[in-house]
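Here the structure comes first, spelled out in structure tokens, and everything after it is commentary.
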Amino acid sequence: MLKKQCNASELQIERAKFKPVLPEVLKNGLNGMTIVKGKSTKSIADQEKVKELFKNTYGLPIVTFKKGKNKTFKNKAIKVAVVLSGGQAPGGHNVIAGLFDGLKKINKKNTLIGYLGGPSGILNNKYQKITADVLRDYRNTGGFDYIQSGRTKIETSEQFCSTKDNLAICNVNALVVVGGDDSNTNAAMIAEYLKEQGIDKCVIGIPKTIDGDLKNKYIETSFGFDTATKIYSELVGNICRDANSARKYWHFVRLMGRSASHITLEVGFKTQPNIVLIGEEILAKNMTLSKVVDGIVDVIVKRSKAGKDFGIILVPEGVIEFIPEIKELISALNDILSDNKDEFSNLDSMEDKKEFVCKKLSEKLSALMLELPVGIASQVMSERDPHGNVSVSLIETEKLLIEMVRKKLSELKRDGQYTGKFSSITHFFGYEGRCGMPSNFDANYTYALGYNAAMLVLSGFTGYMSYIQHLTKPTKNWECGGLPLTMMMNIEKRSGKEKPVIQKALVDLKGRPFKEFTKNRDKWTIGENYLFPGPIQYFGPKDITEMTTKTLQYEQIKK
């Protein structure tokens, strides 16, 4: 095993022996299932606009696989392509393995190819055949290194035409897109384009993102979230123990998660730090940056009076977008940078760039921009991603908060209201979690998602996302099927233009997970109720090795 990876670790060698468990409904493939179609669906919002854009793939029914006999399936050999799109997430290789095994289970002559480097591989027609011998080395491993990933967005008429032509050149019958909300939006648009052109090819999406913001009633979690939050929780737990040992530092930990605060909330449950900022709550309460800082300072002062000049604060990387005035500023900057891309890029100094945008901002936003530290101002003006979004991972929000907290504490100290000592350390945990070796949950979940996608493809469905439900139950009892991609759509403004996008799922402030959090956070604030989760457990009692996220457990508690 793993002959090609001679430098494989002992754990990786053992993980190669792990055999993912399939849901019962998938075990006998298409021959052992019936396909149940629900009613016609509609998009989550902006129904008329979305319907107009997806004339051929809008309104599809939800598909559910049930145990039974399939009398209509014709077992014709097909060729399927898979592409990994966007940021990495633990379990991507098991999606490929599940897809491969599912295809081969039905017909040994079915073949799978992988486009290299993400969607650009489709446009450049760069791919390789997925083989059992090579795939063996990647099962149950982290990363996307087998075929790599990329963030190219297929959106122009020329790109759609190239996609169509290259799929035809390779004689591909179906394309499986593994990605997040933007990537699966792209999958929906490719499916619609091919239908519009009268081309009979399937396009299926797989829900991938560690951020946790690709979820709904049917997509209970995106793959990689479980593993990434366990990795981050180990690191934060270690910091909690260090802080409680040294008792002299405030640790500001920024966690990946783009716009939503799901990762921060989950790591908060697992480690119980002193302060956990939730961006969605800040927005709902219309809190200014100053108010957020005041809340942090209040806790620091209270702990200091108790003789505790130390603590841990978790900061979601996208929190800055939830602070109303900053959110408004970033939105305005998105439009300015989109409309004046060439002129802005020709400016050399940061001062010139700052002056340029300030002239185009409203008086209020211009004043806010001038108040920001040079480093933060530079980061909010940084180059946008292909989808027109600011790269929030580049905005060092924790340093901005520390600077403002220190200033506020100095003022309180002058007034005699604070006599403690404030020393801070910053951390950013992001890339450490994206390519980790998948947990048992993610190894099973991703394998099932890929296997299920093979069943959708072989059944001729297009414009669907592979979904697996009832994830807190034993794996054998998971429900499988397909969810129409257009069902998750709404219209958003991107780069100054209205575009269809799969709606992001933010932390639900009325949901059970957030309510459980609010019940406990005051207790975490003053005391040292830290938890130390330790590393992911791959072997041992099932209560530990097959443990799902706290978020998922709370969401599925029966009322």
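For region 72-172, what proportion of DSSP beta bridges, expressed in % and rounded to the nearest 5, is antiparallel?
About 35 percent, rounded to the nearest 5.
First check a/c for region 320-394, with a ≥ b ≥ c the square roots of the eigenvalues of its C-alpha gyration tensor; if it is under 1.5, answer rounded, and if not, answer prolate when a/b is larger than b/c or oblate otherwise.
Rounded, because the longest to shortest axis ratio a/c is under 1.5.
Of ILE204, LEU235, ILE219, whose Cα points farthest to the positive end of the dipole of region 192-248 (charges on the beta-carbon: +1 Lys, Arg; -1 Asp, Glu; origin at the Cα centre)?
LEU235
Where a ≥ b ≥ c are the square roots of the eigenvalues of the C-alpha gyration tensor, would you call region 348-432 rounded, which needs a/c under 1.5, or, failing that, prolate if a/b is larger than b/c, or oblate?
In terms of gyration-tensor shape, oblate.
With +1 on each Lys and Arg Cβ and -1 on each Asp and Glu Cβ, and nothing else charged, work out how big the dipole of region 320-394 is about its Cα centre, in Debye to the nearest 20.
120 debye
Pick out, from GLN88, ILE113, ILE468, the residue whose Cα sits farthest towards the positive end of the charge dipole of the chain, with +1 on the Cβ of Lys and Arg and -1 on the Cβ of Asp and Glu.
Value computed over the given set: ILE468.
For the chain, build the charge dipole from Cβ charges (+1 Lys, Arg; -1 Asp, Glu) around the Cα centre, then report which of ASN444, GLY307, MET189 sits farthest towards its positive end.
The Cα lying farthest towards the positive end belongs to ASN444.
Relative to the Cα centre, what is the charge dipole magnitude of the chain, using +1 at the beta carbon of each Lys and Arg, -1 at the beta carbon of each Asp and Glu, and rounding to the nearest 20 debye?
2380 debye
According to the square roots a ≥ b ≥ c of the eigenvalues of the Cα gyration tensor, what is the shape class of region 198-267, taking rounded for a/c under 1.5, prolate for a/b larger than b/c otherwise, and oblate for the remainder?
In terms of gyration-tensor shape, prolate.
Looking at the P(r) of region 217-334, how many percent of alpha-carbon pairs lie beyond 25 Å?
For region 217-334, the fraction of Cα-Cα distances above 25 Å is 30 percent.
Fewest Cβ neighbours within 10 Å first, please rank MET547, MET488 accordingly.
MET547, MET488
What are the extents of the Cα atoms of the chain along their three principal axes, listed from largest to smallest and rounded to whole Å?
81, 58, 50
Quick one: give the max-minus-min coordinate of the C-alpha atoms of region 409-501 along each principal axis, largest first, in Å.
72, 41, 23
Arrange the following residues from fewest to most other Cβ atoms within 10 Å of their Cβ: LYS353, LYS364.
LYS364, LYS353
If each DSSP helix of 4+ residues adds -39,500 (n - 2.57) and the sum is divided by the residues in the chain, what number results at 222 nm, nearest 500 deg cm²/dmol?
One gets -12500 deg cm²/dmol as the mean residue ellipticity at 222 nm.
Mean separation of Cα pairs under 8 Å and 6+ residues apart, divided by the residue count of the chain: what relative contact order is that in percent?
Rounded, it is 24 percent for the chain.
Ignoring solvent entirely, what values of log10 I(q)/I(0) come out of the Debye formula for region 470-512 at 0.15, 0.16, 0.26, 0.31 Å⁻¹ when each Cα is a single scatterer?
Result of the Debye calculation: -0.66, -0.72, -0.95, -0.99.
Return the long-range amide H neighbours of GLY68 (sequence gap of 5 or more, or a different chain), with a cut-off of under 5 Å between placed amide H atoms.
Those qualifying (amide H under 5 Å, at least 5 residues apart or on another chain) are MET33, THR34.
Compute for region 1-146: radius of gyration divided by Kirkwood radius, i.e. Rg/Rh, restricted to C-alpha atoms, rounded to two decimals.
1.03
Excluding residues fewer than 8 places away in the same chain, name every one of the aspartates and glutamates whose C-alpha is closer than 14 Å to that of LYS153.
Counting by Cα, and skipping residues close in sequence, LYS153 has these aspartates and glutamates nearby: ASP181, ASP182, ASP385.
What area, in nm² and to one decimal, does the C-alpha convex hull of region 131-220 cast on average over all directions?
About 7.4 nm², averaged over all directions.
Between region 484-559 and region 427-471, what is the separation of their alpha carbon centroids in Å?
Taking the Cα centre of region 427-471 as reference, the centre of region 484-559 is 17 Å away.
Every read-out reported here was derived from the displayed coordinates using simple, explicitly stated rules and does not represent laboratory data. Worth saying up front: this structure is predicted, and the values here are computed from it rather than measured. Because the Cβ atoms are built from the backbone with ideal geometry, glycine has one as well, and the counts that use them run over all protein chains shown.
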